[in-house]
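The values are calculated or read from the model by the stated rules, or taken from the named source; none is laboratory data. Predicted model only: the values in this text are computed from it and were never measured. Reconstructed Cβ throughout: ideal geometry from the backbone, glycine too, with neighbour counts over all protein chains shown.
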Amino acid sequence: MRAHDDRTVEFRRLHASGCFVMPNPWDAGSARALESIGFKALATTSAGFAWTQGRSDNRVSLDQMLEHQRIIAAAVKVPVNADFEGGFAVDPEQVAANVRLAAATGIAGLSIEDSTGDPAHPLHEFDLAVERIRAARRAIDESGTGIVLTGRSEGFVCGRPDISETIRRLRAYADAGADCLYAPRIQSAEHASAIVAAVSPKPVNLLINAPFITVAEAASLGVRRISVGGTLARTAWAGFLEAAGEIANEGTFSRFAQLPNVDALFRER
């Protein structure tokens, strides 16, 4: 069995029981560092990657994203889930074609979201959104990779924080073939618990990008998978910008004290 196949099998096993944290690296170095800490799976972050390219989130091309997935998957031995945004297309058949390309990059899973990028109509119409998930499911099945498909509903991200509509969409995505369900930016235990109950027995991913809950508390609600999106990348940017700002504005270097030995992380690889 190929290493890719082994990682896909392991990724599915992780979704079968318990609760695991799947942090989000933004390049090969951060991926290897997270793996060395002991995380059992990782996930790309579209925002974190875009920032490395000097762009805002959702402003990279399909080809750039596919190459990023190849780099992260090749950098580590653990399963990697891909933030594949909206599949880089609106039409379900084109989403399917792009998912087939993504499935060949070495990833163990990917997510498809239902946001449009249009502030006036921020979510795809319900039937179209469901058909897009169904098309992604078909593409994965035809690829023979068995990678995990996550259906994402973005209402709480794009200004439509309606838990009832979010649950309606996640249930439909589960019925359309999503293996895991995800509503980023919900920030209450009540909403997390409601989503878990609504889509059970399928697993739920919870984004933790603020200190509103602990891993143990999320696990007690039945959450199966935790990710942090671009928040680890933002913490890295925070340190960088604060240190650079001090140099530019004060001419001092106090933040250069007690820094980690980053080179040691990679010395044995």
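Applying the criterion of at least 2 residues that are within 30 Å of residue 193 (Cβ to Cβ), at pLDDT 95 or above and small (Gly, Ala, Ser) to the helices (runs of 4 or more DSSP H) found wholly in the range 1-77 leaves 46-52. Against the test of being surrounded by 23 or more Cβ atoms within 10 Å (Cβ to Cβ), within 26 Å of residue 98 (Cα to Cα) and without any contact (Cβ under 8 Å) to a residue 60 or more places away in the chain, the options 144, 151 yield a single qualifying residue, 151.
Within the range 143-155, the only residue that satisfies the criterion of being in a loop (DSSP other than H, G, I, E, B), under 17 Å from residue 226 (Cα atoms) and not charged (D, E, K, R) is 153.
Yes or no, residue by residue, for (1) of a type outside the set (D, E, K, R); (2) over 18 Å from the mean Cα position of the chain (by Cα):
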site: 74; (1), (2): yes, no
site: 84; (1), (2): yes, no
site: 128; (1), (2): yes, yes
site: 134; (1), (2): no, yes
site: 140; (1), (2): yes, no
site: 151; (1), (2): yes, no
site: 158; (1), (2): yes, no
site: 162; (1), (2): no, yes
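Applying the selection to the range 220-245, what residues are among the β-branched types (Val, Ile, Thr), closer than 21 Å to residue 49 by Cα and touching a residue at least 12 places away in the same chain (Cβ under 8 Å)? Scanning the range 220-245 gives 226, 228, 231. Say whether the condition of being assigned to a helix (DSSP H, G or I), within 21 Å of the chain's Cα centre (by Cα) and at pLDDT 95 or above is met by at least one residue in the range 241-255. So far as the range 241-255 goes, no, none of its residues is assigned to a helix (DSSP H, G or I), within 21 Å of the chain's Cα centre (by Cα) and at pLDDT 95 or above. Filtering the range 164-216 to residues that are surrounded by fewer than 16 Cβ atoms within 10 Å (Cβ to Cβ), charged (D, E, K, R) and assigned to a loop (DSSP other than H, G, I, E, B) leaves only 185. Residue pairs whose Cβ atoms lie under 8 Å apart, separated by 6 or more positions or on different chains, with the first residue in the range 6-17 and more than 18 Å from residue 181 (Cβ to Cβ) and the second surrounded by fewer than 16 Cβ atoms within 10 Å (Cβ to Cβ), are 7/77; 9/1; 10/40. Hey, can you tell me all the residues within the range 20-34 that are over 21 Å from residue 206 (Cβ atoms), touching a residue at least 60 places away in the same chain (Cβ under 8 Å) and not small (Gly, Ala, Ser)? Matches in the range 20-34: 32 only. Across the range 86-129, the number of residues qualifying as under 16 Å from residue 43 (Cα atoms), in a strand (DSSP E or B) and of a type in the set (Gly, Ala, Ser) comes to 2. The set of residues in the range 86-109 being surrounded by 24 or more Cβ atoms within 10 Å (Cβ to Cβ) and in contact with a Ser or Thr (Cβ under 7 Å, 6 or more places away or on another chain) consists of 103, 108, 109.
In the condition set (1) surrounded by fewer than 20 Cβ atoms within 10 Å (Cβ to Cβ); (2) in a helix (DSSP H, G or I), residue 222 is compliant with all but (2). The set of residues in the range 1-46 that are of a type in the set (A, V, I, L, M), surrounded by fewer than 19 Cβ atoms within 10 Å (Cβ to Cβ) and out of contact with any helix residue (DSSP H, G or I) (no Cβ under 7 Å at 6 or more places or on another chain) comprises 1, 3, 9, 16, 37.
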